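Shown next, in structure tokens, is the structure this report addresses.
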Amino acid sequence: MGKSNRKDEGQYVPLPYSQLRSDAWRGLSGASVKLWLELHTRYHGGNNGALTLSYAEAGDALGMGKATVQRAYRELIEHGFLALEREGNWYHRRAHEWRLTTKPMQTARGRAAPTNDWRTFLKAGKEKRGSETEPSAFTVVPFENRSSVAGSKREPVKAVSQGALGSETEH
């Protein structure tokens, strides 16, 4: 058996399980995932923060309308996968310049590590748990009914039947 020739394979996009299992990734629309992958095809190692892809160009390449492309960009930003580095200018025919948060960026001081902003994404309606939460004013519900008279026997909590909750119809 000979060596495999990997030169023909070209570049690829690694998708770590931590990213794929995150609320940020799972909350993305299909259009956003397609746009994110398209932006990766324009990344070559030294141009993160200067990636350009206009709405019209993205729409043509991905078969999406301009409004869908705009929503996809907004979603990628909100979920922490993309950051706007430099705003474009319509009159000077310059597209926005983007930074993929999953890739390192070349700066004047050297190479900066990926920020992976998606790790801090918190899905709407999802509450923090455990040590991240504030102490609650609520107490734990007791497993027994409280007695009204001191020293009397405690009874187990009785289950409420479904019929007792709704209005009863007379037959």
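The values are calculated or read from the model by the stated rules, or taken from the named source; none is laboratory data. Nothing here was measured: the structure is a model prediction, and the numbers come from that model. For neighbour counting, all protein chains shown are included, and Cβ atoms are generated from backbone atoms with ideal geometry for every residue, glycine included. What goes into the accessible areas is simple: the full protein's heavy atoms, side chains included, and nothing from ligands, DNA or RNA. Shrake-Rupley method; radii C 1.70, N 1.55, O 1.52, S 1.80 Å.
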Y91-R71 pseudo-label distance in nm [points 7 Å out on the Cα-to-Cβ vector]: 3.2 nm
Segment 59-108: relative contact order as a whole-number percent, Cα under 8 Å and 6+ apart: 24 percent
Rg over Rh of segment 67-110, using C-alpha atoms and the Kirkwood radius, what does it come to? 1.04
Could you list which residues have their amide H under 5 Å from that of L51, counting only those 5 or more apart in sequence or on another chain, with H placed in the peptide plane? W98
Mind checking the log10 I(q)/I(0) for segment 1-102 at q = 0.11, 0.19 Å⁻¹? Debye, one equal scatterer per Cα, no solvent, two decimals. -0.38, -0.98
Please report the accessible area of T115 (heavy atoms, 1.4 Å probe, ligands and nucleic acids excluded) in Å², nearest 10. 70 Å²
Phi angles of segment 92-98, converted by Karplus (6.51 cos²θ - 1.76 cosθ + 1.60, θ = phi - 60°) into ³J(HN,Hα) in whole Hz with x for Gly and Pro, give 9, 6, 10, 7, 4, 10, 10
